[in-house]
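Reading through the structure tokens given below for one structure.
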Amino acid sequence: MAMDDKDRQIQELFDGYADGLGERADLADKARALMTEKRRTERGCKSRRATAREKRRVIFITVGSVAAAAAFGVFAIGVLPKLLIGGNGNPSDNTPVAPAPVVSYTLNDVRAVAVTEEFAADYVDLSTLKQYADVFDAHFYACYLETEESPVYVKCVFGVQTDDGMTEMRVISERRGFRRDDLEESYGYLITDNGGYTYSNDYENGEYVTAAYCADRGFNYYFYAQSGDGFADEIIKFIL
């Protein structure tokens, strides 16, 4: 494929990411039908990272800069009623402790602010991936609820070039205890009770589409990738 065509695809991809996954609602339906064979469950995120280095070594390839879609609009500011959490039980008196409630919110409830990679590092850390592959056109956005001083999630969109080809990827790292409703709907077929790493691959219009989920280190991680080689899962392991 000509580089101009690929540049155009990345431009369209990054523009589309600004509005979340609403435009790819078909992915969840297709993936659910394939989950009997494709679902990967009960795998810890940290052990996956070590396995990734053993199974596969992604090689640096230097590529020219691809046109970035840096102009993301600020999301509309919505009002989310503050959730009051109470009723803390004492485990020593054998009183059952109810799980902490999850704050549900929508895309319209957050505002997005462009931030540096250093600011986003606690949420999305690309440093390990950069040791093995060429990461380019990375853009980071901190997304806030009106009731929270810290970002409820950080979103990163970027490209990865390896010896196997180019992968276009989006990562959303959401604080545990919160759940954006469209993410819960789109990734629900991947979310397990124990939060283990799960992923699915589909093949659409000549490219592989990969979706993955994991809960680890106090965050819900949502991944979405398009690639020509189907190895996005291997790239994801270097981020978790």
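The values are calculated or read from the model by the stated rules, or taken from the named source; none is laboratory data. From a predicted model like this one, the values you see are computed outputs, not experimental measurements. Here the Cβ positions follow ideal geometry from the backbone for every residue, glycine too, while neighbour counts run over all protein chains shown. For accessibility, only protein heavy atoms count, side chains too; no ligands or nucleic acids. Shrake-Rupley method; radii C 1.70, N 1.55, O 1.52, S 1.80 Å.
Points to keep in mind about this one:
- Remark: pairs (first residue in the stretch 221-234, more than 11 Å from LEU190 (Cβ to Cβ); second residue assigned to a loop (DSSP other than H, G, I, E, B) and of a type outside the set (Asp, Glu); Cβ separation under 6 Å; 6+ apart in sequence or on different chains) = GLU234/ARG56.
- Unmet criterion (only one of (1) in a strand (DSSP E or B); (2) touching a residue at least 60 places away in the same chain (Cβ under 8 Å); (3) under 20 Å from THR106 (Cα atoms); (4) touching a helix residue (DSSP H, G or I) at 6+ places or on another chain (Cβ under 8 Å)) for GLY159: (3)
- Hey, VAL124 open to solvent by less than 30 Å² (accessible area, probe 1.4 Å), in contact with a strand residue (DSSP E or B) (Cβ under 7 Å, 6 or more places away or on another chain) and either in contact (Cβ under 8 Å) with a residue 12 or more places away in the chain or under 30 Å from PHE231 (Cβ atoms) (or both) or not: yes
So that you can scan it fast, the table gives a plain yes or no per residue for (1) assigned to a loop (DSSP other than H, G, I, E, B); (2) closer than 20 Å to GLY177 by Cα; (3) at pLDDT 55 or above:
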{"residue": "ARG57", "(1), (2), (3)": "yes, no, no"}
{"residue": "THR62", "(1), (2), (3)": "yes, no, no"}
{"residue": "SER65", "(1), (2), (3)": "yes, no, no"}
{"residue": "ALA69", "(1), (2), (3)": "yes, no, no"}
{"residue": "ILE77", "(1), (2), (3)": "yes, no, no"}
{"residue": "ALA114", "(1), (2), (3)": "no, no, yes"}
{"residue": "ASP122", "(1), (2), (3)": "yes, yes, yes"}
{"residue": "CYS143", "(1), (2), (3)": "no, yes, yes"}
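- Search result, residues across the stretch 134-184 that are open to solvent by 20 Å² or more (accessible area, probe 1.4 Å) and within 14 Å of the chain's Cα centre (by Cα): ALA138, HIS139, ARG175, ARG176, ARG179, ASP182, GLU184
- Taken over the stretch 129-155, the criterion of being without any contact (Cβ under 8 Å) to a residue 60 or more places away in the chain, closer than 18 Å to GLU234 by Cβ and touching a Phe, Trp or Tyr at 6+ places or on another chain (Cβ under 6 Å) is satisfied by VAL135 alone.
- Counting the residues of the stretch 186-198 that are open to solvent by less than 30 Å² (accessible area, probe 1.4 Å) and either on the phi > 0 side of the Ramachandran plot or not hydrophobic (A, V, I, L, M, F, W, C) (or both) gives 8.
- ARG170 meets the stated requirement of being of a type outside the set (Val, Ile, Thr), touching a strand residue (DSSP E or B) at 6+ places or on another chain (Cβ under 6 Å) and more than 18 Å from VAL103 (Cα to Cα).
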